[in-house]
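Working notes, beginning with the structure itself.
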Amino acid sequence: MGGETKASGAARAARRVGRWGGLAAAVWLLAASPLLWAHAHVGDTYPEDGATLEQPPERLELQFDAPIRLTRYEVTGPQGAVALGETPLGQPTQAHIAVPAQPLPPGEYEVEWRGLAEDGHSMSGGYRFTVRE
């Protein structure tokens, strides 16, 4: 009997489906990867997240790996919201954002931001730092 059994034929068919399924998944990942990586991500902040400073910072910075247009930028401290003389809200997209900081009294501070990446996706985040007494 030179024919194959139903079990071995089914196993071979399952292997073919598995190979095609794996190939389809790989093609999907390659096609979707630009969409997954298109968002802007924070590369660096100044001060660094969690930093304790001996002196108040002269500026607050966000460095992104791709351009972003900020729609919200707020700083809060021990007395509540910190007034900022100049904010980068609504300015043309950029990857590096620096805001001059007024003299900040000792305490804990939080910088919160929200913006739109070049691909139109909404992004948000924040970081904290402390100014020592």
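The values are calculated or read from the model by the stated rules, or taken from the named source; none is laboratory data. What you see is a predicted model; the values in this text were computed from it and never measured. Neighbour counts run over all protein chains shown; Cβ positions are idealised from the backbone, glycine included.
Results, tabulated for the structure shown:
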| item | result |
| --- | --- |
| Selection from the stretch 95-118 of residues that are farther than 21 Å from P56 by Cβ and surrounded by 15 or more Cβ atoms within 10 Å (Cβ to Cβ) | R114, G115, L116, A117 |
| Cβ pairs under 6 Å, 6+ apart, first in the stretch 42-54 and farther than 18 Å from L70 by Cβ and assigned by TED's automatic domain parsing to the domain that holds I68, second of a type in the set (S, T, Y) and in a strand (DSSP E or B) | T52/T130 |
| Test for G85: is it touching a strand residue (DSSP E or B) at 6+ places or on another chain (Cβ under 8 Å) and loosely packed, with under 12 Cβ neighbours inside 10 Å | yes |
